[in-house]
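Since the structure comes first, as structure tokens, the remarks are kept for the end.
What follows is calculated from the coordinates using simple rules that are stated; it is not laboratory data. Keep in mind it's a predicted model, so treat the numbers as computed, not measured. With ideal geometry, Cβ positions are generated from the backbone for all residues, glycine too; neighbour counts draw on all protein chains shown.
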Amino acid sequence: MAAADILSRIAVSFNERVENQTPETPDPFTRDIGGDFRQNQPYISGHFHVWFKLPDKLFESMNTSTAVTWLHSTCENFTPHSTTPNFGDLTGPGQVGASFPVNKTITREFTLAFREFQNLPILRILKTWNSIYDDFLGVSPLKGSEFIPVNYKGICVVVNTKPVGASMEPLEPADVEEVYVYRGVMPKSVPTDALAADQTANDFVQYSVPFSFDGAPLTSSDGSWVIDYCLNHINSLGTYQMTYDKFIQGIS
């Protein structure tokens with residue numbers, strides 16, 4: 001389980017994923033010019049996987065597993081939340097002051113970008129998720145005690161990985177750079193404006209969708225069990241196996 005406080009949790013995370021993995025640091029006062037003897041690698045962005053748990057009530061008339069497949073298969077960009085320490089100022093003689101941390105603010109928002117496809121599956125999924133209120137009537141289709149968070153909020157799991165895994169084997173903890181488990185997730189907008197048409201500028205459509213979440217996300221600093229939880233869901237999607245299978249079928 002997770003350690004007692006945030007300092008010990010971060011220390012455990014650092015020791016497990018950095019200190020005990022024997023990655024060498026760059027030579028002192030350099031940016032590390034490389035060499036075949038190096039035992040560390042700069043972080044490469046852009047390798048990540050996404051999994052959703054959609055609210056069953058809103059999606060009860062839709063195949064939820066198909067909707068989740070569309071979302072994780074078309075997601076091309078992830079921008080995590082941010083955390084900002086807030087400071088209070090004390091002013092002394094001559095307006096000379098000092099600042100002291102008083103709390104911190106979590107933006108409680110992350111952004112995902114999805115590539116749209118024919119028949120607009122992504123837009124229809126996002127519309128369904130935002131159908132907690134009827135566009136025409138302005139009231140909710142949920143009845144009575146159905147209007148509760150479990151019926152309209154979901155879960156989003158994001159796994160940043162190393163650029164590895166082409167062996168068709170399931171991802172392992174050593175392949176993971178960072179994980180995020182967002183709870184109480186809802187899209188904050190329906191990107192219908194992305195369908196604006198211009199005969200002089202044909203292009204693909206990509207939605208950049210902000211999502212809100214509750215509390216603070218679980219990360220690798222909260223314990224190795226969080227990584228195991230995330231990989232359990234990501235590996236269940238058959239990360240690369242299906243792609244290989246389709247190409248092999250076309251060759252044989």
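Rounded, prolate or oblate, given the Cα gyration tensor of the range 117-158, with a/c below 1.5 counting as rounded? Taking the square roots of the gyration eigenvalues as a ≥ b ≥ c, the range 117-158 is oblate.
Rounded if a/c is under 1.5, else prolate if a/b is larger than b/c, else oblate: which is the range 118-252, with a ≥ b ≥ c the root eigenvalues of its Cα gyration tensor? Show your work: numbers first, answer last.
Values: a/c = 2.17, a/b = 1.24, b/c = 1.75.
The shape class here is oblate.
Its Kirkwood hydrodynamic radius, worked out from the mean inverse distance over all distinct Cα pairs, puts the range 1-117 at 20.0 Å. For the chain, excluding the exposed loop sites themselves (trypsin sites (Lys or Arg not before Pro), DSSP loop, at most 10 other Cβ atoms within 10 Å), the longest remaining stretch covers 32-142. Enumerate the lysines that residue 153 could reach by cross-link, defined here as Cα to Cα under 18 Å, with residues fewer than 8 away along the same chain left out. Here the lysines satisfying the reach criterion relative to residue 153 are 53, 57, 127, 143, 188. Sequentially through the range 133-141, phi angles give Karplus couplings (6.51, -1.76, 1.60; θ = phi - 60°) of 10, 6, 4, 7, 8, x, 10, 8, x Hz, Gly and Pro residues having no value and appearing as x.
Over the range 1-112, what relative contact order in percent results from Cα pairs under 8 Å that are six or more residues apart? Don't jump to the answer; show the numbers that get you there.
Working: 83 pairs, mean separation 19.4, N = 112.
With pairs under 8 Å counted, the relative contact order is 17 percent.
Based on DSSP H assignment, which helices of the chain show an axial Cα extent of at least 18 Å together with a mean Kyte-Doolittle hydropathy greater than or equal to 1.6? Helices meeting the span and hydropathy rule in the chain: none at all. A Förster radius of 30 Å, combined with the Cβ-Cβ distance separating residue 82 from residue 137, puts the computed FRET efficiency at roughly 0.25. Remark: the residue 38-residue 228 segment gains 65.5 nm on full extension, using 0.36 nm per residue and subtracting the alpha carbon distance. Seen through its C-alpha gyration tensor, with square-root eigenvalues sorted a ≥ b ≥ c, the range 52-182 comes out oblate because a/c lies at 1.5 or above while a/b is not bigger than b/c.
Computed over the alpha carbons of the chain, Rg followed by Dmax gives 22.3, 83 Å.
May I ask for the Rg/Rh ratio of the range 68-112, computed from Cα atoms with Rh as the Kirkwood radius, given to two decimals? Mind dumping the intermediate values first?
Details: Rg = 19.5 Å, Rh = 13.9 Å.
When Rh is taken as the Kirkwood radius, the ratio is 1.40.
Phi-derived couplings, Karplus 6.51 cos²θ - 1.76 cosθ + 1.60 at θ = phi - 60°, listed residue by residue for the range 101-115: x, 10, 5, 9, 10, 9, 5, 6, 8, 10, 10, 10, 10, 10, 7 Hz, with x used for Gly and Pro. By other beta-carbon atoms within 10 Å, ranking 219, 83 with the fewest at the front produces 83, 219.
R0 = 30 Å: FRET efficiency of residue 247 with residue 111, Cβ-based, nearest 0.05? With R0 = 30 Å, the Cβ-Cβ based efficiency is 0.40.
Comparing mean-square fluctuations of 106, 155, 33 from a GNM of the chain with C-alpha springs under 10 Å, the top value falls on 33. Taking the empirical scaling 2.2 N^0.38 Å for compact globular proteins as reference, the range 131-186 has a Cα radius of gyration ratio of 1.83.
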